1. Are there trypsin sites (Lys or Arg not before Pro) in the range 49-129 that DSSP puts in a loop and that have at most 15 other Cβ atoms within 10 Å, and which ones?
2. Could you tell me which of rounded, prolate or oblate describes the range 151-215, using a ≥ b ≥ c as the square roots of the eigenvalues of the alpha-carbon gyration tensor, with rounded for a/c under 1.5 and, failing that, prolate when a/b is larger than b/c and oblate otherwise?
3. Given N residues in the range 296-353, what is its alpha carbon radius of gyration divided by 2.2 N^0.38 Å?
4. Could you tell me which GluC sites (Glu not before Pro) in the range 265-351 are loop residues by DSSP with no more than 13 other beta carbons within 10 angstrom of their beta carbon?
5. Can you say what percent of the DSSP beta bridges in the chain, counting only those with both residues inside, are antiparallel? Round to 5.
6. If you compute mean projected area of the Cα convex hull in nm² for the structure shown, which of (1) 16.6; (2) 26.2; (3) 17.9 do you land on?
7. Taking chymotrypsin sites (Phe, Trp or Tyr not before Pro) as exposed when DSSP calls them loop (any state but H, G, I, E, B) and at most 12 other Cβ atoms lie within 10 Å, what is the longest stretch of the chain free of them, the sites themselves excluded?
8. Which value, in Å², gives the accessible area per residue of the chain when a 1.4 Å probe is used on the protein heavy atoms?
Amino acid sequence: MYRSLLIAALSILLLAVGCRDEPGGGAVEIPEAGAITGPNTPTPYALEVPAYLPAPVVDAENPMSVEGVDLGRRIFYDASILSTDGNMSCASCHKQELAFTDGLNRSLGIRRLEGNRSAMSLVNLAFNPNGFNWDGDAPKLWKQAIHPVEDMLELDNDWEEVLRKLREDADYPARFRAAFGIDTREEITQELTIKALAQFERTIISANSKFDRVVYQNTDFFTEEEQLGADSLFFVENLAPGVLHPGCGHCHNAPNFGDNKFHNNGIEDVASLDDFPDPGLGGVTGNRFDNGKFRTPTLRNIALTAPYMHDGRFKTLEEVLDHYASGGHGLENKDPNITGFPLTERQKRALLAFLNTLTDESLLTDERFAAPK
């Protein structure tokens with residue numbers, strides 16, 4: 001008897017909580033706890049890529065949407081969400097004015113401690129099919145964002161805490177619903193968060209440098225010095241009768257000026273393949289012959305992304321050119337194109353002038369890639 005009365009009372013209570021009377025006398029259903037309302041049909045995003053760039057790599061696991069790109073952009077710049085102390089975001093180490101690098105030899109995390117490597121540019125990642133980060137440890141762009149959040153030398157957070165803040169936020173749940181069609185706050189997951197970040201990062205396309213205007217758009221001209229830099233070293237391998245240069249373009253090939261492959265470019269003076277202080281690709285594959293190999297970065301906007309190499313050891317482009325002219329340090333897995341070559345001061349100035357033509361000034365102020373207002 002008492003049990004029946006208790007069940008009946010609970011039923012009445014649930015009905016009272018689940019409905020309310022409207023002024024006209026009818027009842028309207030109240031959304032259950034955690035439910036999200038609002039639009040839930042993502043709008044497909046058409047990635048704009050000039051015809052002279054390669055086709056973007058399609059990721060069927062993360063189709064782009066207008067809402068997903070917008071969500072990713074907001075998270076990318078939101079210092080309150082990703083880091084433990086609420087003072088750092090992705091943009092802290094990937095600054096638009098520096099072609100999405102940070103100007104440091106090794107990035108600084110929330111405790112101002114140095115990380116292990118230099119922050120790579122996020123430009124033109126949509127064209128990379130071969131793994132992300134310097135060592136290729138992330139097979140997909142959206143998986144790249146997992147580690148920086150958790151790394152104590154970077155954002156030093158816990159993903160469960162990130163998700164708690166996103167789920168309890170007044171704005172983000174509706175944006176997740178619009179981007180991914182979810183119904184409840186509990187469906188906001190790590191995977192959806194990093195996929196949104198990747199959707200925004202894929203839109204960061206650099207394709208309007210002076211080089212593009214000269215070679216592809218036919219709206220500008222190289223100076224004599226810029227042309228000499230292109231002809232004397234970068235693309236042309238015959239420096240003089242009997243003097244050969246492997247050509248920068250072997251690894252930094254147009255139009256993206258990076259092959260997204262992994263090379264030992266001879267920067268480390270070590271006794272054997274087992275002695276690299278940072279094994280690079282070898283630390284991922286476990287293959288000894290991959291030790292000391294790192295992904296070739298794009299040279300687009302290279303004048304803005306100093307210092308150089310995975311550990312930022314070279315402060316200037318002049319130092320980089322001197323290294324390659326020297327031929328580097330030899331080991332059996334050093335790239336065969338790193339052979340050394342004569343480099344006069346005039347040729348160096350010309351090559352530097354050409355490299356500066358790869359700067360895309362419009363990228364630095366494009367509002368599509370800036371912090372949302």
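The values are calculated or read from the model by the stated rules, or taken from the named source; none is laboratory data. Every value quoted in this text rests on a predicted model; they were computed, and no experiment measured them. Here Cβ is always computed from backbone atoms with ideal geometry, including for glycine, and neighbour counts include all displayed protein chains. To get the accessible areas, we keep the full protein, side chains included, count just its heavy atoms, and leave off ligands, DNA and RNA. Shrake-Rupley method; radii C 1.70, N 1.55, O 1.52, S 1.80 Å.
1. Taking the range 49-129 and a limit of 15 other Cβ atoms within 10 Å, the loop trypsin sites (Lys or Arg not before Pro) found are Arg111, Arg112.
2. oblate
3. In units of the globular-protein estimate, the range 296-353 measures up at 1.17.
4. Values: sites: Glu268, Glu318, Glu319, Glu332, Glu345; in loops: Glu268, Glu332.
Counting only loop positions with at most 13 other Cβ atoms within 10 Å, the GluC sites (Glu not before Pro) in the range 265-351 are Glu332.
5. Percentage antiparallel, nearest 5: 85.
6. Recomputing mean projected area of the Cα convex hull in nm² here picks out (2).
7. Excluding the exposed sites themselves, the longest stretch runs over 53-220.
8. Counting only protein heavy atoms, the per-residue value for the chain is 49 Å².
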